[in-house]
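The values are calculated or read from the model by the stated rules, or taken from the named source; none is laboratory data. This structure is a prediction, so every number in the text was calculated from the model and none was measured. With ideal geometry, Cβ positions are generated from the backbone for all residues, glycine too; neighbour counts draw on all protein chains shown.
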């Protein structure tokens, strides 16, 4: 699953309506993989919408988030005045911090006594 943040431009300081997350969620098409939406109207730098998507690749997740967002901005009058500023995958610091505090490996240790470096213990 990917988390894609779409940063919105609001030239007239337009705020997100209280039901913004549902408005965006309702504009997803079958096959776009949208699972959940979170909307943050008070984010630093302007409104941000988080799209949680299942997709075969990050590029496809970003493309789907952008499409859903643009569709919602066109379909709902309460989102008029907002425009897509940027969209990109969000890094989740809790995941990386947890790796740092664990042994940090994402592979098994290898058996150095064999000539096969990929042979597990």
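Return yes when residue 75 is surrounded by 15 or more Cβ atoms within 10 Å (Cβ to Cβ), at pLDDT 95 or above and in contact with a helix residue (DSSP H, G or I) (Cβ under 9 Å, 6 or more places away or on another chain) and no when it is not.
In short, no.
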Could you tell me which numbered condition residue 39 fails, if it satisfies all but one of (1) within 16 Å of the chain's Cα centre (by Cα); (2) surrounded by fewer than 21 Cβ atoms within 10 Å (Cβ to Cβ); (3) free of Cβ contacts under 8 Å to residues at least 24 places away in the same chain? (2)
Within the stretch 21-60, restricting attention to residues that are part of a helix (DSSP H, G or I), touching a strand residue (DSSP E or B) at 6+ places or on another chain (Cβ under 8 Å) and at pLDDT 95 or above, which residue is farthest from residue 90 (Cα to Cα)? 22
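I need the full set of residues from the stretch 11-20 which are buried (at least 16 other Cβ atoms within 10 Å of the Cβ) and part of a loop (DSSP other than H, G, I, E, B), in order please.
14, 16
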Is it true that some residue in the stretch 109-120 is modelled with pLDDT of 85 or more, surrounded by fewer than 16 Cβ atoms within 10 Å (Cβ to Cβ) and part of a loop (DSSP other than H, G, I, E, B)? no
Inside the stretch 64-83, can you point out the residues that are part of a helix (DSSP H, G or I) and out of contact with any strand residue (DSSP E or B) (no Cβ under 9 Å at 6 or more places or on another chain)? 67, 71, 74, 75, 77, 78
